[in-house]
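What follows is a set of notes on a single structure, which appears directly below.
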Amino acid sequence: MLEVAGRRLEVAEETRPWLTRCERDARLGGVQITAESPTAAAPTSALARFGWAALILATLYVCYFSHLGALGFVGPDEPRYAWVARAMVETGDWVTPRLYGKPWFEKPVLFYWGAALSFKFFGVSEASARLPSAVSALLATVALAWLAWRMYSAETAGLVLLMLPTTVGMIGFSHAAATDMPFSGMLTTAMVAAAIVVGIVLPAGSAPPRTPIAALVAFGVFLGAATLAKGPAAIVLAGGGSGLWAFLTGRWRDAFRLAHPIATGAFCVTALPWYVLCALRNPGFLRVFIYEHNFARYLTPEFRHVQPIWFFGPILLLGLLIWTGFFGSVLKDAARAWREGRWRNSPELFPASWAIFTFAFFTLSKSKLPGYILPAVPPLILLAAHSVSLRLQSKVAGERWVGIMAGITLMGVGGGTLASLNRIPFAVDYSPPPPSGPFGWAILVVVLGGIASIILGIHRRPSAALSACVLSLILAISLSMTGDSRRALNAGVSAGPIDRSYASANASAYKLSRSFQYALNFYQHREVPEWSPDATQAGWVFVQAGQMNELRALGLKCPASIAYPALVVCQDPGLPGRASDRRKAQ
């Protein structure tokens, strides 16, 4: 209800964010305007608010910051990026990224700066290398929650603070020493500022009462930071998402505010100095980085990351877990807005355009990696949180299904994990894997949490159901990264558990995958050479379990057995004449 001069008028629900702003501005001018919602939930108790706040803080900590160093570096990217950051600290050169002493321009500098500062203050470790990603995830979450509060309500903001950190995509990439989360975090914050600049909380055609200088500066600074994280893709995604929104709404004038001199200047001050300085110091920088690692990567299959056109569909659904099932409600709300003819003026159209353009842009790329689609997760969670909030407040039918859907999805995650345990690369000879042990208990907690959510949903207690869902998930995360389960998983996926006593000038590697080779290089603090059968000098040979029999046949001493793909160490006694032995073995 809108009350003006004692008269009450009905207003549409989507105008309430604007009314809240008008109410505040009108009070400053001495005019009494109030907005009431007959369906607004009654104020909760102080104890309930405290419990909600405690759950949010626990979720943010567990999902983003706990167990950052539980696993050694995984995959080929983490150890290489960590090497570059460590080299910055050791050499004092904070301009030119260097891998094994040579300039390396695969990615810009933002992540390296963050990891190098973390190494400098907290020491060189896996947790320090991953800290920039965790901080970036937190920044994106807080910024998106603030936008949810401006667009909708405090309740929607609280849901964002619970739902975004508990997605598989945000949990995984916040624990990765890679550029994906810094890029997504900076881009998300830039798009939050863009939403304020273009005025999506105002009715169509209405201009902000004054130039939003703070939002313009924030947009320029964080877009510049995103460009320092991954390159020109930040400009493309921000411009494309905003342009798609302007095309659908016809609000081109609002969209062009993003090119305001204040925003442009803030962007240039943030992004350009490093690019200019690096290009001056390294004549080949622009060709290698701009052409090879941006245009060629996007337009050609040169980098061998070719995937089918539908690749990002299932990847995005997986990244949105445990909230994937809620997007049926999001689509239902969108269809209702379409039927009622209010979709053009709906605030939801901005995050939807942001997510759709991101998905379409990377779908057309010739190179596809799972981390590319991460920037689409935050806007989609914002839409999901709003959809859930409408049902929690009984403004839209489906209150019961909030808890039921969350519970079903959570049980599916637990059941799927249990069914695929034999595909998880545990080093089973190092320590027996689940279902016995902490990992098994974690799966049980997830399943019980799903059952509790379903029961609470049936009894129309959706808030309690969501709380049970989130609480069981963060407990499961804590359980799975402890004890034998963590040690067995770490030994199966990383070179980190290798005893540092094996570090020596005589250590070498034999037929390692890229992931293990790069990680071994980082931990050994040098490029570990490939072992040759012609070697006559005694030393250690790092090898994956599948190649141990080859080395045994050549006279090396290897462990009795260990489950693939764990990294193991064989001893080379330095026997002469090994080349002839190899020919006999063949």
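Some observations on this one:
- Of 236, 197, 192, all but one fail to be within 30 Å of residue 128 (Cα to Cα) and touching a residue at least 40 places away in the same chain (Cβ under 8 Å); the exception is 192.
- Neighbours by Cβ (under 8 Å, 6+ apart or cross-chain): first from the stretch 97-122, within 21 Å of residue 521 (Cα to Cα); second open to solvent by 30 Å² or more (accessible area, probe 1.4 Å) and assigned to a strand (DSSP E or B): 97/103; 104/98
- Number of positions in the stretch 242-291 that are open to solvent by 50 Å² or more (accessible area, probe 1.4 Å), in contact (Cβ under 8 Å) with a residue 60 or more places away in the chain and within 30 Å of residue 103 (Cβ to Cβ): 2
- Filter pass, residue 371 being more than 18 Å from residue 250 (Cβ to Cβ), in a helix (DSSP H, G or I) and open to solvent by 40 Å² or more (accessible area, probe 1.4 Å): no
- Given (1) open to solvent by less than 70 Å² (accessible area, probe 1.4 Å); (2) modelled with pLDDT of 80 or more, number of the condition residue 57 does not satisfy: (1)
- All conditions but one from (1) open to solvent by 40 Å² or more (accessible area, probe 1.4 Å); (2) in a helix (DSSP H, G or I) apply to residue 378; the one that does not is (1).
- Those residues of the stretch 304-320 which are surrounded by fewer than 19 Cβ atoms within 10 Å (Cβ to Cβ) and either in a loop (DSSP other than H, G, I, E, B) or in contact with a Lys or Arg (Cβ under 7 Å, 6 or more places away or on another chain) (or both), in sequence order: 304, 305, 306, 307, 308, 309, 310
- Candidates 133, 184, 153: the one that is touching a residue at least 40 places away in the same chain (Cβ under 8 Å), surrounded by fewer than 23 Cβ atoms within 10 Å (Cβ to Cβ) and hydroxyl-bearing (Ser, Thr, Tyr) is 153.
- Pair list, Cβ < 8 Å and 6+ apart or interchain, from the stretch 329-346 residues that are open to solvent by 40 Å² or more (accessible area, probe 1.4 Å) to residues that are acidic (Asp, Glu): 334/348; 342/14; 345/14
- The residue list 513, 561 contains one member that is at pLDDT below 80 and either more than 14 Å from residue 498 (Cα to Cα) or not polar (S, T, N, Q) (or both), which is 561.
- Selection within the stretch 442-476 - open to solvent by less than 30 Å² (accessible area, probe 1.4 Å) and of a type outside the set (Gly, Ala, Ser): 443, 446, 462, 466, 469, 470, 473, 474
- Whichever residue in the stretch 89-127 is of a type in the set (Phe, Trp, Tyr) and assigned to a loop (DSSP other than H, G, I, E, B) and, among such residues, is most open to solvent (accessible area, probe 1.4 Å): 94
The values are calculated or read from the model by the stated rules, or taken from the named source; none is laboratory data. Everything numeric here is computed off the predicted structure, so don't read it as measured data. Heads up, the Cβs are rebuilt from the backbone with ideal geometry, glycines too, and the neighbour counts pull from every protein chain shown. Please note that ligands, DNA and RNA were not included when accessible areas were found on the heavy atoms of the full protein model with its side chains. Shrake-Rupley method; radii C 1.70, N 1.55, O 1.52, S 1.80 Å.
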